[in-house]
Each structure stands twice: as C-alpha cells, then as structure tokens.
Amino acid sequence: MNTQIKTLVSNGLVAWENWNALGYEQRTRILTVWANSLDEDCKKMVTFQCFNAQEHLGETLLMPGPTGETNELYSAGRGTIAVTADDDTSAVAIVGQLTAALVNGNCVILCLSANSTIQAGNIINQLTLAGCPLHVVQTVEHEQLTALITNASIFGVAFAGQAAIAQRLARQLAERDGLLAQLIAETDCIKLPVIGSPTYSMRFITERTRTINITAVGGNATLLELGSGEEH
C-alpha cells in the first residue's frame, strides 16, 4: 500500500471525530472566516453551501417514541473524502465541493494538479488561518489520485470536470475492495446544476438516530446511538 496515502487517510480519520463533533454552527463559523480570504464569487459559494447545509441538515429532529424515551434524528459526516477536479474547472466549483464536504462534518484530501485554477497549498494555509484544525484538509499530488481513491477508507470522491473522467473514476471505485464508495460528480462546470443544488449537501452525510431512555432501572438514563461515518 502507498505509505503516503495510508498516512494521509489515517490522519484524516483521527481528525474526523472532533471535526464532526463541532456541529454545523462552529464549522460554518470557521468556513465563513475562510471565505473572507477568497474572491467574491467563491465567497458567495461558501455562503451558499453553508446556508443550505444548515437549512436542510443542521436541525436535530425529535421523533415519536414511548413515554420516558426520546428519539432524535440528525446528520453527521461520513469520514474522509477525496476532492478533485480537471485543470480548467473553475475555482468556484472546487470551493463548492470543498465547502459542502467540510460543513457537513467530513475531512478532505484535496487532489489537484499544479495547473489547477486553485492551488491546494493555498487552500490549506487559508483554512488553517481561519481556525480549521490540523489534518481536516490535507493535500496530495494529482499523480496519486488512483492510489488515493482505491484506499478502502475513503468513503467517496467529489469530482468536477469532464464526463469521461467521471466515468473512469466511477469504474475505479466500483472495482475496489471493501465497502461501496460514492462518486459525487459535477460534469457541467459552467451552470453547476449539481454543486448549485440546494440539496447538494445531502450527498455528503449519513443519518444517525439517538435514543435516550430515562425510565431505565434505577432511574439512570441509557443511550443508544445508531449510525456510522462508515455507512454507504
């Protein structure tokens, strides 16, 4: 196994638990600070993705249950995702992918070429200055993309670019061992119908339920929580 990729994935999985636990409000605050270092179009994209995530997923829903028991439904990040794009994909599209992944509680390994419209190293520096914790976003050379996405601990790939490349990535993900991996693809990088959808964030989360029984023996509450960042 590629040692560099293994280290990056391990770092991401360690950072993921605390990042996911921050909640939507705190993650949005960090991403909003980051947005202030971007151009106006990219800043609007960060705001758009954060708003829609809060609107559709930020609220914990109380579900019906028997007396003495509370049941809550909420969303959580799924783990570590690879974010990549063609060289001529706009910075706005890449920022949209990155923001949607991060605001919903995922860690990201950003895989862009040196000729990309946005430089991965700059993004890391900007996010770090904005308060994003270490290893929540990491970067790897574009030549390592195949090794990255075939790592079974990566839950999926967010890609923006040509349809032919999206199809190739889909085949690579389908052929790998382990749990099924998701491809979140945007192939219209002008109109951005996928990234620009108000429900785009839903592609980056898993649902969890939390049950608290306050009628347990002795009066002590018991907690049952279902759902995992490794669900696909």
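The values are calculated or read from the model by the stated rules, or taken from the named source; none is laboratory data. Quick caveat, the model's predicted, so the values are computed rather than measured. All Cβ positions, even for glycine, are placed from backbone atoms using ideal geometry, and neighbour counts span all protein chains on display. To get the accessible areas, we keep the full protein, side chains included, count just its heavy atoms, and leave off ligands, DNA and RNA. Shrake-Rupley method; radii C 1.70, N 1.55, O 1.52, S 1.80 Å.
Take the stretch 144-190 and flag every residue that is in contact (Cβ under 8 Å) with a residue 60 or more places away in the chain, touching a Lys or Arg at 6+ places or on another chain (Cβ under 6 Å) and β-branched (V, I, T).
Of everything in the stretch 144-190, just one residue is in contact (Cβ under 8 Å) with a residue 60 or more places away in the chain, touching a Lys or Arg at 6+ places or on another chain (Cβ under 6 Å) and β-branched (V, I, T), namely I184.
Go through the residues of the stretch 65-77 one by one and say whether even a single one is in contact with a helix residue (DSSP H, G or I) (Cβ under 9 Å, 6 or more places away or on another chain), modelled with pLDDT of 95 or more and surrounded by 15 or more Cβ atoms within 10 Å (Cβ to Cβ).
Looking through the stretch 65-77, none of the residues is in contact with a helix residue (DSSP H, G or I) (Cβ under 9 Å, 6 or more places away or on another chain), modelled with pLDDT of 95 or more and surrounded by 15 or more Cβ atoms within 10 Å (Cβ to Cβ).
Could you list all residues from the stretch 174-202 that are surrounded by fewer than 19 Cβ atoms within 10 Å (Cβ to Cβ), within 17 Å of V108 (Cα to Cα) and touching a Ser or Thr at 6+ places or on another chain (Cβ under 9 Å)?
M202, the sole residue that qualifies.
Which residue pairs have Cβ atoms closer than 6 Å, lie 6 or more positions apart in sequence or on different chains, and pair a first residue in the stretch 33-51 that is closer than 15 Å to I94 by Cβ with a second residue that is open to solvent by 60 Å² or more (accessible area, probe 1.4 Å)?
A35/K43
Output the residue which, of all residues in the stretch 215-232 that are surrounded by 14 or more Cβ atoms within 10 Å (Cβ to Cβ) and of a type outside the set (D, E, K, R), is modelled with the lowest pLDDT.
Restricting to residues being surrounded by 14 or more Cβ atoms within 10 Å (Cβ to Cβ) and of a type outside the set (D, E, K, R), the top hit is G229.
Just give me the residues in the stretch 127-147 being in a helix (DSSP H, G or I) and either touching a strand residue (DSSP E or B) at 6+ places or on another chain (Cβ under 7 Å) or open to solvent by less than 50 Å² (accessible area, probe 1.4 Å) (or both), in sequence order.
L127, A130, H142, Q144, L145, A147
May I ask you to say which residue of I212, I165 is touching a strand residue (DSSP E or B) at 6+ places or on another chain (Cβ under 8 Å), of a type in the set (V, I, T) and at pLDDT below 95?
None of the others qualify; the one that does is I212.
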